[in-house]
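Working notes, beginning with the structure itself.
The values are calculated or read from the model by the stated rules, or taken from the named source; none is laboratory data. These numbers come from a predicted model, not from an experiment. Cβ: placed from backbone, ideal geometry, glycine included. Neighbour counts: every protein chain shown.
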Amino acid sequence: MAFSCCSASCSLEADTGVSPEIDARAYIFSSSEHAAFEPACFDEAAALDEPQDQLEVSFGSGGSTFDVLVDLGQGAFDLAFEYTETELLLVRSLARSLAGGGAFSYWNSTCPVSQQVRSMDRIVKVNGAQAGTRAELVSELERHSKVVVVTIQRPFIYELHFKKNGRGLGLDLHYNRQCKGLRIHEVRDGIIQECNAAAGPERTVKASHRILGVNGFLGECGDSDKLVQLLQTCEDITMVIASWP
């Protein structure tokens, strides 16, 4: 899949006082690429106008899985996915304004709170089939028009604190202003690698992890530039990071 770089890309030049080792880029997908990664019955354009689900953060928790039973014959497909993520199938939000309600919104209204589908949840299986890629999971969803069992995985949320001391983070970050947080595309030489050397397996920063907050600011859709700015300008950094074990 090809990416196209939008005009809001962040260029980090040496004379700004920001280490060029932080590589932050904004990416957008063409409409044809959108269609290839969403179930055909879902109206993505309408979903972008939806009020976004509030991000819920519970430190040190997550990674657990549970099954969601939805009847797509009784309600429209109402999940919007994160487009900066090409490997994991992550929920961005639910389209709550669909006429007659949506299948996942109905599930959320009837299930225990602990099993409601939320922003940043990951779909790992469809009807017991654990597909290898994001595209394969979407394809599996498209094949079913009635009852489907979707296995959901909660993110593991943790904090990472460090001081830059003039050093680069060594992160390649991808983001889209209609998505939440900053996707870590690559970890290179820098502070984060040093932190990883001293961290346990659950708190080792890796590609596909997502920076959700910086220094007390939790980013919602459209807040990516603010998160990048905080990483650029602050010397003392506390990041809130989501991972999917």
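A compact table of results
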{"item": "Residues of region 185-223 satisfying the condition of being in a strand (DSSP E or B) and buried (at least 21 other Cβ atoms within 10 Å of the Cβ)", "result": "ARG210, ILE211, LEU212, GLY213, VAL214"}
{"item": "Residues located in region 175-202, provided they are out of contact with any Gly (no Cβ under 7 Å at 6 or more places or on another chain) and more than 28 Å from VAL68 (Cβ to Cβ)", "result": "HIS185, GLU186, GLU194, CYS195, ASN196, ALA197, ALA198, ALA199, GLY200"}
{"item": "Any hit, region 60-74, residues being assigned to a loop (DSSP other than H, G, I, E, B), at pLDDT below 70 and closer than 14 Å to VAL117 by Cα", "result": "yes"}
{"item": "Residue within region 216-228 that is assigned by TED's automatic domain parsing to the domain that holds ASN165, over 17 Å from the mean Cα position of the chain (by Cα) and among the polar types (S, T, N, Q) present", "result": "no"}
{"item": "Residue count for region 224-237, restricted to those that are assigned to a strand (DSSP E or B) and either more than 19 Å from VAL187 (Cα to Cα) or at pLDDT below 95 (or both)", "result": "1"}
{"item": "Subset of region 111-143 (residues that are crowded, with 20+ Cβ neighbours inside 10 Å, modelled with pLDDT of 90 or more and more than 24 Å from TYR158 (Cβ to Cβ))", "result": "VAL126"}
{"item": "Search result, residues across region 76-110 that are at pLDDT 90 or above and either of a type in the set (Val, Ile, Thr) or assigned to a loop (DSSP other than H, G, I, E, B) (or both)", "result": "VAL91, THR110"}
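A quick yes/no check of all residues on (1) of a type in the set (Lys, Arg); (2) out of contact with any helix residue (DSSP H, G or I) (no Cβ under 7 Å at 6 or more places or on another chain):
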| residue | (1), (2) |
| --- | --- |
| LEU141 | no, yes |
| HIS161 | no, yes |
| HIS174 | no, yes |
| GLN178 | no, yes |
| LEU182 | no, no |
| ARG203 | yes, yes |
| LYS206 | yes, yes |
| CYS234 | no, yes |
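Yes or no, residue by residue, for (1) among the aromatic types (Phe, Trp, Tyr); (2) under 30 Å from ALA207 (Cβ atoms); (3) without any contact (Cβ under 8 Å) to a residue 12 or more places away in the chain:
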{"residue": "PHE81", "(1), (2), (3)": "yes, yes, no"}
{"residue": "GLU85", "(1), (2), (3)": "no, yes, no"}
{"residue": "LEU88", "(1), (2), (3)": "no, yes, no"}
{"residue": "VAL91", "(1), (2), (3)": "no, yes, no"}
{"residue": "LEU94", "(1), (2), (3)": "no, yes, no"}
{"residue": "CYS111", "(1), (2), (3)": "no, no, no"}
{"residue": "ILE123", "(1), (2), (3)": "no, yes, no"}
{"residue": "GLY128", "(1), (2), (3)": "no, yes, no"}
{"residue": "ARG134", "(1), (2), (3)": "no, yes, no"}
